[in-house]
Amino acid sequence: VSTSYRLDDLARRVGGEVRGDASLQVQGLATLEQAGKGDLSFLTHRGYRRQAETTQAGAVLVGPDVELPGRDLLVCAEPYAALARLLELFHPPEKPAPGVSPDARVAADVKLGRDVHVGPFAVVEEGSELGDRAVVGAACVVGSGCRVGEASELRPHGVLYPGTRIGARCLIHAGVVLGGDGFGFATSAGSHLKVLQVGRVVIEDDVEVGANSAVDRAMLGETRIGQGSKIDDLVMIAHGVQLGAGALLAAQSGVAGSSRLGAGVRLAGQAGVAGHLRVADHVTVAAKSAVFGDVDDPGFVAGVPAVDHRQWKRSQASLKRLPELLREVRQLRQRVADLERRLEREG
Amino acid sequence: VSTSYRLDDLARRVGGEVRGDASLQVQGLATLEQAGKGDLSFLTHRGYRRQAETTQAGAVLVGPDVELPGRDLLVCAEPYAALARLLELFHPPEKPAPGVSPDARVAADVKLGRDVHVGPFAVVEEGSELGDRAVVGAACVVGSGCRVGEASELRPHGVLYPGTRIGARCLIHAGVVLGGDGFGFATSAGSHLKVLQVGRVVIEDDVEVGANSAVDRAMLGETRIGQGSKIDDLVMIAHGVQLGAGALLAAQSGVAGSSRLGAGVRLAGQAGVAGHLRVADHVTVAAKSAVFGDVDDPGFVAGVPAVDHRQWKRSQASLKRLPELLREVRQLRQRVADLERRLEREG
Amino acid sequence: VSTSYRLDDLARRVGGEVRGDASLQVQGLATLEQAGKGDLSFLTHRGYRRQAETTQAGAVLVGPDVELPGRDLLVCAEPYAALARLLELFHPPEKPAPGVSPDARVAADVKLGRDVHVGPFAVVEEGSELGDRAVVGAACVVGSGCRVGEASELRPHGVLYPGTRIGARCLIHAGVVLGGDGFGFATSAGSHLKVLQVGRVVIEDDVEVGANSAVDRAMLGETRIGQGSKIDDLVMIAHGVQLGAGALLAAQSGVAGSSRLGAGVRLAGQAGVAGHLRVADHVTVAAKSAVFGDVDDPGFVAGVPAVDHRQWKRSQASLKRLPELLREVRQLRQRVADLERRLEREG
């Protein structure tokens, strides 16, 4: 049965208002390009303005300052957040049914909460705890002494090294490795002596970690991912890192050992932070940039090494003019030499 | 039984010609360094010219414009393509034997084509389809409603999230995750609300994806990898990306959300493309470079942000001369001040 | 039972000396921040000097040139190496018990050494060999014809493609893929013909490979990781690479095809080396840098492309002054024009 909603009903649910036909029936959500008459689409990124003008969508979800003449609009103060709520309405997420697969191997002493799901070929080792409604996907390996909090989900192929702790409502995607050894070696006479990594990884509540990312255990103590942080695919968090609450780490970014990133820090794609640094709350690091020193104040940094974004932009702009500058200086040198010769002659 | 071929027989098979002893018996293929008398080696990269002069190989496969006096040569217009064919001749690939392992868990309603192989501890969930001669390696997890096309192979430990579609003759290497959630969060009052990702991943025919790479599902609609594209290891393709046919993405490169890359686009190692961009057909992005804006024309771009490769080279060359330029300008300033003082005195 | 040691006993075990109370009882090791009275902490990175002054630790392990007035010190010539030994003393590593899980699938002809451990849902294919005390973790897949040397450990979810060879005492972390296909395609008339990769991966003794890293097999011959090399998480080593002994590759670094890196080479985080290059022994590549040409001498290189580190620093410093330089040259041009006009008038 496909459900449909009146546009003003949707507006009410997301705290928005209709500009246009309030009685319009919405059958689904779709991108501007793919939407048909029965769909509500959305303009949450200004780059798609032109598509919004030509979309076949029945209605468009927009922010308060957007005009789209002739279109039925659902206007919200925060259209992207509204879209998030509408997605949940039209696509209510399904959780795997509770139960431990007969093909899973769960140690006898594991504490299982209510309505836990453990998939086929999953392994949960001794001394671990799975909270109520926790999900351990197919072929996951949960080492000894781990804790997975209430309603947290491990998608297939997650690996938790022994002692890893995951809070409530986390989502750990396929192939993620939590608690692998930090990269610690004491080089003595040219050979690298392994420094045992006996700390752990702690993932606080409401964290998401993307596919194939890795968070290493601390040498001693903890590597800690703060509450509500979101980590994309193929991200690497080294041993002893402390990530504040609400951090956002985009794909292929990385943080080296023992660095401390404040609350709300954002690393764009392929950005990096070197080791043993402190990065203040609400610092954003541009894509492909690398932080090589402490960042003391909130702001936007870019470059390698990362500097204030405006300074980086100025440097980049100047860099473009550099070949021209070289020519100019060569000419100036010539002109000055001419002047000097002339004065010499005249003197 | 080791097979051997006459050099002229090999030439005939790859559409080349022999320069030298046509009757030479070739027992195998080997690198210039490791080849012995019975081996055919190859010079497909000019960096190895010196090795080609000193190799012990019985014969060398070369392009049309290469001279190697005193050596028996197999000359081909496209020597690397010829090498590809010879490798298949000397090392015919073996496919795993058809059959579903008794240790696999395949849902009752899964449609299995002819001669399908499903390895031990693999999971194939309800509603999925595996085409004729498809291979699902050990410990793979194929979620519900997936399609794996004819003769496509998933190497061990692949994970397909529900709804993923893979065309024919694809090769998906170990540890690849297809269809994980895109990185979408609506930040409202400092906390990050998950934006459900209800689209899918579509991999067209003849695509290869390297070890531990990740392709995320679209929020709505599709993330699509074009026919014949080849993706290396540890590459990240974000939600909603559209990759044209015949793209080549080298290791550790990444493409951010919703970007559209044309046919034949090449990203060299560790390159990146930011989100919501359009990159024209046949654009090549240099290693370690990052595309931060639309690229409208075919060509070779480099740098962060990426610009035309020649411009990048000029900037880099100028950059080297910058310390010297600073000195020079300091001297000019001095000389101009001297001139001014002198004229002042004289005036 | 928690063990405790006298400080002078610990000093004797690591070849150090006590400065302060030799009879102090040490119950454990802890970071400066978390240590209590019964703990020995350590100052192995000068960035933590202030923490060392205020730590609650009972004693601090330091290098020979460190003064911490009023504190009991354990002084060692190589404090980090001493810490490595103390970690083994306080946290003796546990190996999984010998035995093959009834849930593993080990081919009949696999040669098993003494005291081998094979975990649940692991697969070991025909013709492979596992040396004495080798460990194959849960859900690992060891392809046909592989060798895993004495006392080497594969953590859960490792994948060894057929023919991979691992020496003795190696540690391969979760999610690592060894021996996947190199990225080789011969492009002919716009389509990419697969070049079969029929070589292998050889990992010499005492190598560690971090979570989710990938080492590709050679097209022909070997990809080889030298003895005692240590590779961090999410690192990519392409086909045909030769890595010397004792290399250190930090997280998210990568080496492109056929490059040869000497002994003791270090790549910092997110660094890269392009293909077909030679990098001399004991070269260190700075974080986020990329080597695009041969490096003939030991040293420290940085930048994209990487140059000598001092040159890179000078360029970076100059770059910062570039906007100011542009202004200065504009002024100089004006002053020179003024001088020229003046002389013109006066001439």
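Taking a ≥ b ≥ c as the square roots of the eigenvalues of the Cα gyration tensor of chain A, is the shape rounded (a/c under 1.5), prolate (a/b larger than b/c) or oblate? It is oblate, given that a/c is not under 1.5 and a/b is not larger than b/c. The charge dipole of the protein assembly as shown, taken about its Cα centre with unit charges on the Cβ atoms of Lys, Arg (+1), Asp and Glu (-1) only, comes to about 3140 debye. The 1.4 Å probe gives accessible areas that order A:D21, B:D132, largest first, as A:D21, B:D132.
For the range B:32-160, the dipole from Cβ point charges (+1 on Lys and Arg, -1 on Asp and Glu) about the Cα centre works out to 220 debye, to the nearest 20. Computed over protein heavy atoms with a 1.4 Å probe, the carbon and sulfur contribution to the accessible area of the range A:8-150 reaches 47%.
Give the residue list of trypsin sites (Lys or Arg not before Pro) in the range A:75-132 that are DSSP loop and have at most 14 other beta-carbon atoms within 10 angstrom.
A:R114
Around the Cα centre of the range C:130-269, unit charges on the Cβ atoms of Lys, Arg, Asp and Glu (plus for the first two, minus for the last two) sum to a dipole of about 240 debye. The phi-based Karplus calculation (6.51 cos²θ - 1.76 cosθ + 1.60; θ = phi - 60°) puts the 3J(HN,Hα) values of the range C:276-288 at 6, 10, 10, 10, 5, 3, 6, 8, 10, 10, 5, 3, 6 Hz, whole numbers, x for Gly and Pro.
Using Cα pairs under 8 angstrom and six or more residues apart, how large is the relative contact order of the range A:160-246, in percent?
The normalised contact order for the range A:160-246 reaches 29 percent.
Considering only alpha-carbon pairs that sit under 8 angstrom and 6 or more positions apart, the relative contact order computed for the range B:209-255 is 40 percent.
Please arrange B:Y48, A:Y5 by accessible surface area, largest first, computed with a 1.4 Å probe and ligands excluded.
Values: B:Y48 55, A:Y5 30 Å².
So, going from the largest accessible area down, we get B:Y48, A:Y5.
Residues in the range C:158-172 carry Karplus couplings, in order, of x, 10, 10, 5, x, x, 5, 10, 10, x, 8, 6, 8, 10, 10 Hz; the curve used is 6.51 cos²θ - 1.76 cosθ + 1.60 with θ = phi - 60°, and Gly or Pro positions show x. Around the amide H of C:F300, modelled in the peptide plane, lie the amide H atoms of C:T284, C:H309, all under 5 Å away and 5 or more residues distant in sequence or on another chain. Positive end of the dipole of the range B:1-149 (Cβ unit charges, origin at the Cα centre): among B:V66, B:G99, B:G36, the Cα lying farthest that way belongs to B:V66. What the Cβ-Cβ distance of A:R46 and C:R333 gives, at R0 = 45 Å and to the nearest 0.05, is a FRET efficiency of 0.65. Counting only lysines at least 8 places from A:K313 when in the same chain, those with an alpha carbon closer than 26 Å to its own are A:K288, B:K288, B:K313, B:K320, C:K288, C:K313, C:K320.
Selection among C:A22, C:V202, C:I237 by position relative to the dipole of chain C gives C:I237 as farthest towards the positive end (Cβ unit charges, Cα centre).
With contributions of -39500 (n - 2.57) from each DSSP H run of at least four residues, the per-residue ellipticity at 222 nm computed over chain B stands at -5500 deg cm²/dmol. Ignoring ligands and nucleic acids, what accessible area does B:D206 show with a 1.4 Å probe (Å², nearest 10)? Roll a 1.4 Å probe over it and B:D206 shows about 40 Å².
Within the full protein context, the accessible area of B:W312 is estimated at about 40 Å² for a probe radius of 1.4 Å. Loop-located trypsin sites (Lys or Arg not before Pro) in the range C:245-318 (DSSP state not H, G, I, E or B) with no more than 10 neighbouring Cβ atoms inside 10 Å do not occur. Per residue, the accessible area of the protein assembly as shown comes to 40 Å² when a 1.4 Å probe rolls over the protein heavy atoms. Around C:G15, with a cut-off of 12 angstrom between Cβ atoms, what is the net charge of the other residues, counting Lys and Arg +1 and Asp and Glu -1? Taking every other residue near C:G15 into account, the sum is +1.
A:T44 exposes around 60 Å² of accessible area when a 1.4 Å probe is run over every protein chain in place.
Restricting attention to the range A:87-171, close to 0% of DSSP beta bridges with both partner residues there are antiparallel. Taking the DSSP bridge list for the protein assembly as shown and keeping only pairs wholly inside it, about 15 percent are antiparallel. Ordered by solvent-accessible area of protein heavy atoms (1.4 Å probe), largest first, the residues A:E204, C:E150, A:E67 come out as A:E67, C:E150, A:E204.
So how much accessible surface do B and A hide from each other in total, probe 1.4 Å, in square angstrom to the nearest 100?
Accessible area lost upon association: around 5500 Å².
For C:I166, the residues 5 or more places off, or on other chains, whose built amide H falls under 5 Å of its own are C:R147, C:V148, C:G149, C:I203. The Cα atoms of the protein assembly as shown give a gyration tensor whose axes a ≥ b ≥ c have a/c under 1.5, which makes the shape rounded.
Under 5 Å from the amide H of B:A290 lie the amide H atoms of B:G272, B:G303, B:V304, B:A306, each residue being 5 or more positions distant or on a separate chain, with H modelled from the backbone and absent for Pro and chain starts. When DSSP beta bridges are restricted to pairs lying wholly in the range C:1-119, around 35% turn out antiparallel.
Based on alpha carbons, the Rg and Dmax found for the range B:48-203 are 22.9, 76 Å. Label-point spacing for C:S4 across the identical copies (point 7 Å from Cα in the Cβ direction), in nm and ascending order: 7.7, 7.7. Evaluating 6.51 cos²θ - 1.76 cosθ + 1.60 at θ = phi - 60° for every residue in the range C:208-223, the Karplus couplings come out as 10, 10, x, 3, 6, 7, 9, 10, 8, 5, 6, 4, 9, x, 10, 9 Hz, glycine and proline recorded as x.
As a length-normalised measure over Cα pairs under 8 Å and 6 or more apart, the relative contact order of chain A settles at 6 percent.
Of all lysines in the structure, the ones whose alpha carbon falls short of 29 Å from that of A:K95, not counting any fewer than 8 places away in one chain, are A:K111, A:K230, B:K111, B:K194. Computed on the Cα trace of the range C:261-331, the radius of gyration divided by the Kirkwood hydrodynamic radius gives Rg/Rh = 1.15.
The values are calculated or read from the model by the stated rules, or taken from the named source; none is laboratory data. Nothing here was measured: the structure is a model prediction, and the numbers come from that model. Reconstructed Cβ throughout: ideal geometry from the backbone, glycine too, with neighbour counts over all protein chains shown. For the accessible areas, the whole protein counts, side chains as well, though only heavy atoms, and no ligand, DNA or RNA atoms are used. Shrake-Rupley method; radii C 1.70, N 1.55, O 1.52, S 1.80 Å.
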